[in-house]
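Have a look at the structure below before the remarks.
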Amino acid sequence: MAGISAIGSYIPKYRLNLDEVAKFWRIRGLGGEKAVAGYDEDCITMAVAASLDCLSHLEGDVDGLYFATTTNPYREKQGAAIIASAADLKKETRTADFTNSLRSGSIAMRAAVDAVKSSSAKNLMVTISDSRLGAPQGKFEQLLGDGAAAIVIGGDHPVAEIEECYSVFNDFTDVWRTGKDDFPQSAEARFIDVVGYGPTMQDAVGGLMKKCGAGPRDFSRLVFYASGLREHAEMARKLGFEKSQVQDPLFASIGNTGAAASVLMLAAAFEEAMPGERILFASYGDGCDAFALRTTPEITRARTDPTLKTRLAKKTLIDYGKYLNWRNLVPVEASSLPARSEPSLITRWRERKSIAALYGVRCRKCGTPQLHPIGQAIRICAVCQSKDDFEDYKFSDKKGKLFSYAIDQLQPTKNPPGLNGVVDFDGGGRLICELTDYELDKVGIGMPVEMTYRKMSQGQGIVNYFWKAKPVAE
Amino acid sequence: MESLKDKVAIVGMGCSKFGERWDAGVEDLLVEAATEAFQDAGIGPKEIQAAWIGTVFSGLSAITLSPVALQYIPMTRVENMCATGTEALRAATYAIIAGACDVALAIGVEKLKDAGTTGVKGPAIVGDNPDGTSGIGPGYSAPASFAYMATRYFNDYKLRPEEGKRLLAEIAVKNHHNGSLNPKAHFKNELTVEQVVKAPIVAWPLGLFDCCGVSDGAACAIVTRADMARNFRPDPIYVKALNICVGARQGAIRQDYDFVHIEENVLASRKAYEQAGIKNPRKEISIAEVHDCFTIHEMIVYEDLGFSARGRAQDDINAGFFTLKGDLPVNTDGGLKCFGHPLGASGLRMMYEIYKQLQQKAGPRQVKDPRLGLTHNLGGNAGTGIGSVSIVGNEKG
């Protein structure tokens, strides 16, 4: 039997107040807030964070990483491989991208279930991340939030067993983006509800319940996708569930996180669930995948910090101007500072280990962990001058402390002023690097930091990811 | 190892006007500095037997020196970050000592303002390859890399940020006063401590007036064998020590580096004092030109070079020890802060001031009876440094 062995999540710390957006455009506001990826985040960096969170709840490693999104930064080039290398997964890890559908996450989950059931894989991680952009002044601008979730499908010690799955597909044009569109478009709301979303959900959820010989009363929780709050509440009623059974869709706090939305709700459900609960989970988009889950005594593992609940609580409001700038929705004046030179693909390849998972070395002679400030290979120990006598040493998972810092008005950042500093890692090693996600008034010498995978710069259409330090969440 | 003390003398120097030289190209700056040096030495280009040109960004190879029209002699371009000008002088001096030539020229130039951007163009981080960066280097600025030192210095010596910033401001005020007396300086305005402290922040805790000028300029020296020096002029300046000390980025890699001193500065000066036979630099050095790219660095240099005890530079700043009328005047020409910092020229510009001072030709900035002068550069920054200390004197022995 296949089950869910671990679940992880990532919500960016920034929030946009929807009333502010409504006030700016003099339109009706949805109320509440939506989660906004930082200027240096995208669906890949959020997926890395969710994957690392998920892996921290898992004993052992994974045989594969399936990445699901509708906002892959590349049309041609795999996202899963980037995430797998940042998460430092073994090279035999099978990677695949599941894209183009809001249901891509659950489609990947079904593929993972099949692989585990057929004993082709022991553990497969499905990472779902989305950062969809609504056009300014439109309804999607207020609806869509950013977030990521990761879930491991495996056989041993699951936190929840997957009892049944049932899927239908439906070639229905409710929301779409062509290759040239920056923003989603949609059909008329009533048409979607009456002809598309409504019947498809009822079909799949009904089919699943029939397959399990169960009714709505047999489930303690209903976790499912809807485009917005109203649609969510209406659908729960149509499916025959009581309000008390329905898991909060998180729309009012983080918005609709697209492909990641339903699994983020599931992560929240797992944090609250008791052993032996039956959960009906359904994900929608070009059809519907419905799952019947049953939590096990292991479910208490899902409550280990940092939970989704704590992530939701730690937030920083940004204003609408900053949001527009971060998402490149307004042209802004070019900097008069010198531009940074374009990165070389060749040096990035040569330095891939240091770039991907922030690998340095530890000297076998003197034991000093060291990380080269610009990623060059360390051939001779800077401390004892031994040559080529090192073992690999990973820094991305080490915490550290801020030894010194500068609040840098000249640093190229869309969240000025920039902050950079000298990070001393616990256990040895030092890195001078950029910081992100900081509260300036809380920055000081000795501040505990951890590393986070972020976008550094973009040239020739290539996204250059690397690690920054950020304050450790208290 | 043989001592280089008193084997080489500087017999001619020139320095262009520094500043935003919109209407001057690299060629104009080079010719301006070289012409003055030739006139000062009383010789022409034909008498130069070898030459070194230092520049960081403003040219490739010795061909950069072609505007000076030296005729078919050995020439080389050198580069060592902000110590580039001094590096050119070092090469020329060593060639004389080696007997490879009797008269050599060292020149440094930088045309920063042609970049058309604010601040210094070039690699974001020290040693990054401008033609093939991995893009992983942090995007921090040069001011930030020195702000780390200020943050740490204030912390370690328990200075409240307001106190620390006032101390740094005194350095900027001093250098601007000196620069205001210098017709060749980039800036000629006096500053007040209030102005410096209240200036816009560039990289906290450093503000606008804690940062040196981004300038165009060139400076030139003609050197010869000490025993031939008096054939050129009655008041040659003798090289006592030239030392460069480069680390292996230890401070950027190792946690035991404290960011309140620069090891490369300390070791470069110790070696130079040894070469020059100096026991007590605070007493024996008459005048110094040090690398005040940022005010915090001048303060730390006071301690690194042994002018002030560790953590006590503040006492000397408050006592006016380094002002024109103090016991050890520092940056009498305005320093990088006020004279300007065209990277490749700066080391030789510093030497130009010391040379004039030791010849008693520094006009309103003249200090009383100097005997030994020191120049200091730092290429790179804290943790990744190129320390350079030179000592010259107006008498042999």
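The values are calculated or read from the model by the stated rules, or taken from the named source; none is laboratory data. Given the structure is predicted, the values throughout are model-derived calculations rather than measurements. Cβ sites come from the backbone with ideal geometry, for glycine too, and all protein chains shown count toward neighbours. Side chains are part of the model used for accessible areas, which takes the heavy atoms of the whole protein and leaves out ligands, DNA and RNA. Shrake-Rupley method; radii C 1.70, N 1.55, O 1.52, S 1.80 Å.
So, with a 1.4 angstrom probe, what is the percent of accessible area on chain B that is carbon and sulfur?
Numbers: 7380 of 13750 Å².
For chain B, the apolar C and S fraction of the accessible surface comes to 54 percent.
Can you list the residues of region B:200-238 with backbone N under 15 Å from a point 7 Å past the Cα of residue B:22, pointing along Cα to Cβ?
B:216
Take residue A:218 and residue B:156, extend 7 Å from each Cα along the Cα→Cβ direction, and tell me the distance between the two endpoints in nm.
Label-label distance for residue A:218 and residue B:156, simple model: 7.1 nm.
Just the number, please: buried accessible area between A and B, total of both chains, 1.4 angstrom probe, nearest 100 square angstrom.
Working: alone 21400 and 15640 Å², together 33350 Å².
Protein heavy atoms only, the A-B interface buries about 3700 Å².
Mind pulling the angle between the C-alpha long axis of helix A:229-238 and the longest principal axis of chain A? Nearest 10 degrees, somewhere in 0 to 90.
40
In nanometres, what is the gap between the two model label sites at residue A:91 and residue A:234, each 7 Å from Cα along Cα-to-Cβ?
Between residue A:91 and residue A:234, the label points sit 5.4 nm apart.
So with the 1.4 Å probe, I'd like the accessible area per residue for region A:141-246, rounded to whole Å². Display every interim value, and only then the final one.
Values: 4950 Å² over 106 residues.
Each residue of region A:141-246 exposes 47 Å² on average to a 1.4 Å probe.
In terms of modelled amide H atoms, which long-range or inter-chain residues lie less than 5 Å from the amide H of residue A:419?
Result for residue A:419 returns A:408, A:435.
On a full-extension model of 0.36 nm per residue, what is the gain between residue A:305 and residue A:19, subtracting their alpha-carbon distance, rounded to one decimal in nm? Please report the intermediate quantities before stating the final value.
Values: separation 286, 0.36 × 286 = 102.96 nm, distance 3.14 nm.
Working it through step by step, the gained length comes to 99.8 nm.
How many percent of DSSP beta bridges within the protein assembly as shown run antiparallel, rounded to 5? It would help to have the intermediate numbers written out before the result.
On the way: 115 of 151 bridges.
So the antiparallel bridges in the protein assembly as shown amount to around 75 percent.
Can you tell me the dipole magnitude for chain A around its Cα centre, using point charges on the Cβ only (Lys, Arg +1; Asp, Glu -1), in Debye to the nearest 20?
Values: 59 positive and 59 negative charges, 122 e Å.
It works out to roughly 580 debye.
Using the per-residue mean of other Cβ atoms lying within 10 Å as a proxy for protection, in what order, highest first, do the peptides B:152-159, B:275-282, A:212-219, A:201-208 fall? Before the final figure, lay out each step's value.
Working: B:152-159: 18.1, B:275-282: 16.5, A:212-219: 13.6, A:201-208: 20.0.
Order by mean packing, descending: A:201-208, B:152-159, B:275-282, A:212-219.
Using a 10 Å cut-off on Cβ to Cβ distances, tally the other chain neighbours for every residue of A:418-425 and report the average as a whole number.
Values: counts 6, 4, 9, 6, 11, 1, 4, 1.
That works out to 5 on average.
From the residues A:368, A:412, A:402, which one has its Cα farthest along the dipole of region A:343-417 in the positive direction, the dipole being from +1 and -1 charges on Cβ of Lys/Arg and Asp/Glu about the Cα centre?
Value: A:368.
Give me the extension gain from residue A:194 to residue A:337: residue separation times 0.36 nm, minus the current Cα-Cα distance, reported in nm with one decimal.
Values: separation 143, 0.36 × 143 = 51.48 nm, distance 5.49 nm.
Full extension from residue A:194 to residue A:337 adds 46.0 nm.
On a 0 to 90 degree scale, rounded to 10, what angle separates helix A:261-272 from the longest Cα axis of chain A?
90
Given region B:266-394, what percent of its DSSP beta bridges are antiparallel, to the nearest 5?
Details: 10 of 14 bridges.
Counting only bridges with both partners in region B:266-394, antiparallel ones make up about 70 percent.
Return one whole number: the accessible area per residue of region B:308-397 in Å², for a 1.4 Å probe.
Details: 2480 Å² over 90 residues.
For region B:308-397, the solvent-accessible area averages 28 Å² per residue.
Charges at C-beta only: +1 for Lys and Arg, -1 for Asp and Glu. How large is the resulting dipole of chain B about its Cα centre, in Debye rounded to 20?
Working: 41 positive and 45 negative charges, 122 e Å.
Dipole size: approximately 580 debye.
Among residues other than residue B:175 whose Cβ falls under 14 Å from its Cβ, what is the net charge (Lys/Arg +1, Asp/Glu -1)?
Details: positive: B:174, B:188, B:337, B:349, B:365; negative: B:170, B:190, B:210, B:289, B:292, B:298, B:333, B:353.
Here the charged neighbours net out to -3.
At 1.4 Å probe size, with no ligands or nucleic acids counted, give the accessible surface of residue A:176 in Å², nearest ten.
The value for residue A:176 is about 90 Å².
Using r as the Cβ-Cβ distance of residue B:63 and residue B:115, and R0 as 25 Å, what FRET efficiency do you calculate, to the nearest 0.05? Don't jump to the answer; show the numbers that get you there.
Details: r = 21 Å, r/R0 = 0.83.
Working from the Cβ atoms, E equals 0.75.
Grab the beta carbon distance between residue A:352 and residue A:161, set R0 = 30 Å, and tell me the FRET efficiency rounded to 0.05.
On the way: r = 39 Å, r/R0 = 1.29.
Efficiency at R0 = 30 Å is approximately 0.20.
Is it possible to state the helix-based mean residue ellipticity at 222 nm for the protein assembly as shown, with each DSSP H run of 4+ residues giving -39500 (n - 2.57), the sum divided by total residues, to the nearest 500 deg cm²/dmol? What is it?
On the way: 26 runs with 250 residues, N = 871.
Dividing the helical sum by the residues of the protein assembly as shown leaves -8500 deg cm²/dmol.
Decide, for region A:15-163, between rounded, prolate and oblate: order the square roots of the alpha carbon gyration tensor eigenvalues as a ≥ b ≥ c, take rounded if a/c falls under 1.5, and otherwise choose prolate if a/b is larger than b/c, else oblate. Mind showing how you got there, number by number?
Numbers: a/c = 2.43, a/b = 2.13, b/c = 1.14.
Cα axes put region A:15-163 in the prolate bin.
Name the residue from B:243, A:147, A:275 whose Cα lies farthest towards the positive end of the charge dipole of the protein assembly as shown, charges +1 on Cβ of Lys and Arg and -1 on Cβ of Asp and Glu.
Positive-end residue among those listed: B:243.
When you look at the Cβ of every residue in B:144-156, what mean number of other chain Cβ atoms sits within 10 Å? Please list the in-between numbers first.
Values: counts 13, 5, 1, 7, 8, 2, 2, 10, 5, 1, 1, 5, 2.
Averaged over the peptide's residues, the number is 5.
Hey, can you find the accessible area per residue of region A:48-87 for me, probe 1.4 Å, expressed in square angstrom?
Working: 1510 Å² over 40 residues.
On a per-residue basis, region A:48-87 sits at 38 Å².
Which value in nm describes the separation of the simple spin-label points at residue B:233 and residue B:360, placed 7 Å from the Cα toward the beta carbon?
So the two model labels end up 1.5 nm from each other.
In terms of the Cα gyration tensor, with a ≥ b ≥ c the square roots of its eigenvalues, is region A:187-244 rounded because a/c is under 1.5, prolate because a/b exceeds b/c, or oblate?
On the way: a/c = 2.84, a/b = 1.55, b/c = 1.83.
Here region A:187-244 falls in the oblate category.
How large is the charge dipole for the protein assembly as shown, taken about the Cα centre, if only the Cβ atoms of Lys, Arg (+1) and Asp, Glu (-1) carry charge, to the nearest 20 debye?
Numbers: 100 positive and 104 negative charges, 126 e Å.
Roughly 600 debye for the protein assembly as shown.
In the protein assembly as shown, with Lys and Arg counted as +1 and Asp and Glu as -1 at Cβ, which of these residues, B:187, A:206, A:84, has the Cα nearest the positive end of the dipole, that is, farthest along it?
B:187
If R0 is 35 Å, what FRET efficiency do you get for residue B:2 and residue B:46 from their C-beta distance, rounded to 0.05? Display every interim value, and only then the final one.
Numbers: r = 31 Å, r/R0 = 0.88.
After rounding, the FRET efficiency stands at 0.70.
Can you give the average number of partner chain beta-carbon atoms within 10 Å of each beta-carbon in peptide A:427-434, as a whole number? Spell out each step's value before the answer.
Details: counts 0, 2, 3, 9, 3, 14, 5, 5.
Taking all residues of A:427-434 together, the mean is 5.
Within the accessible area of region A:1-44, what % is carbon and sulfur when the probe is 1.4 Å and the other protein chains stay in place?
52
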